[in-house]
Structures are given as C-alpha cells and as structure tokens.
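The values are calculated or read from the model by the stated rules, or taken from the named source; none is laboratory data. Here the structure is a predicted model, which is why all the values come from computation and not from measurement. Reconstructed Cβ throughout: ideal geometry from the backbone, glycine too, with neighbour counts over all protein chains shown.
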Amino acid sequence: MAESRDDPEVFWVDPQRRGIMPLNGFHISRSLRRTIRRAVFTIRTDTDFAGVVRGCADRDETWINDSIFRLYNELHEMGHAHSLEVWQDGALIGGVYGVTLRGAFFGESMFSRRTDASKVALAYLVDRLRAGGFRLFDTQFLTDHLARLGGIEISREDYRVKLATALRSEADFDRQGAIPSPQDLLQRSTQIS
C-alpha cells in the first residue's frame, strides 16, 4: 500500500485481524438477487484490468500510487493478477481486482459507479473462485459493505493457517470458462448457502 496517491513509498500490511470472504458464505440479499436476475450488467474478466485499477484509485483518498498501478499491471501481464469487470452500455461501471497465488485470491480493491455494481462483481467473483478451486479469498480488511455480504474477520494466526492450506492447493482463475448466466449464478449460490 501507499499512504496516498502522491506518496512514492510502498509498504506491506499485516493486520492483527484479517478480513476474508468465506467462499461458501457469500450472502446474496433479495435486492441483489433481483439486480442479478434483471441482467442489466455485462460481466467480463481481464478485458480492462488497468481500467479496473484506475476505477479503484478514482477517489479522493487512495492507497494506489503510480508504483502500485505499474506493479499490478505487470502482475496482470504475467498472469498473476485478474479483474472481474461490470459493464453497462459499453462503459466500465464497476469491478474488483486481485492477485492469485496457488489456491489464494488476494482481493486488492473494488469500485462501483452504479448501484450494486461492486456487489454484482463480488457475487460473480466468488462463484468464479469456487469453480476455480480457490480455498481463500483474502479481503485484507473487513468493511461494513463486505460484512453485509458475508465477510468475516479472523485473527492473524487463523489467517496464516488458512493461507498455508491455500498455498498447498492448486487453483485456476480461468477454470470456470465463460461467465455464467444470471440464472446459473443464482442457482449455484442457492445450493451453497
């Protein structure tokens, strides 16, 4: 992270309490279910990774400086960072990006320019991570937004155990293949809950 957009320094964060999204605990509310069912958004992966990172940095205060932007784009070019994007009428209006390492997905940031766009992105991302065999979805911190969707906070010790397990497993962000239809996504999420 960086302290701000203009801070040239980058530092690691290892909090005492870590936010994670249990892959079998993602909560789709009735209103989010209606939004997904209406299919007003187009979902894509890795078609505008840089645009997602720019969208995440497009706020008054951000931890994404030029170095972080460049490094994440390099990780993407190497196949280690991915984006799940929400489009509407040809415009990128939401998304989430993160880094994969074996069976772990490290969610870095998300953004939304329309109501529910980031929630829809997370619903599709969780489905993709489950299909890809991921064991851990690290959100770093737990926000109220993530908590409403099923995110939890665990101790640093518990996190390290989960991380070690995830690093012993193989996963593939692209294993799922095509983006599922809204009906398939909602049916699978019902079966998991």
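Quick one: N24 ticks every box in (1) among the polar types (S, T, N, Q); (2) outside any strand (DSSP E or B); (3) modelled with pLDDT of 95 or more bar one, so which box is it?
Every listed condition holds for N24 apart from (3).
Filter segment 34-47 for residues that are charged (D, E, K, R) and out of contact with any helix residue (DSSP H, G or I) (no Cβ under 9 Å at 6 or more places or on another chain) and give the result.
R34, R44
Of the residues L101, L136, L122, L92, which single one is within 21 Å of A171 (Cα to Cα), surrounded by fewer than 24 Cβ atoms within 10 Å (Cβ to Cβ) and touching a residue at least 12 places away in the same chain (Cβ under 8 Å)?
Unique residue meeting the criteria: L101.
Can you pull out the residues in segment 108-137 that are modelled with pLDDT of 95 or more and more than 23 Å from V40 (Cα to Cα)?
Within segment 108-137, R130, A131, G132, G133, F134, R135, L136, F137 meet the criteria.
Of the conditions (1) of a type in the set (A, V, I, L, M); (2) closer than 23 Å to D46 by Cβ; (3) modelled with pLDDT of 95 or more, I152 clears all except one; give me its number.
(2)
Sort through S169, S109 and tell me the only one that's more than 17 Å from L32 (Cβ to Cβ) and in a strand (DSSP E or B).
Matching residue, one of S169, S109: S109.
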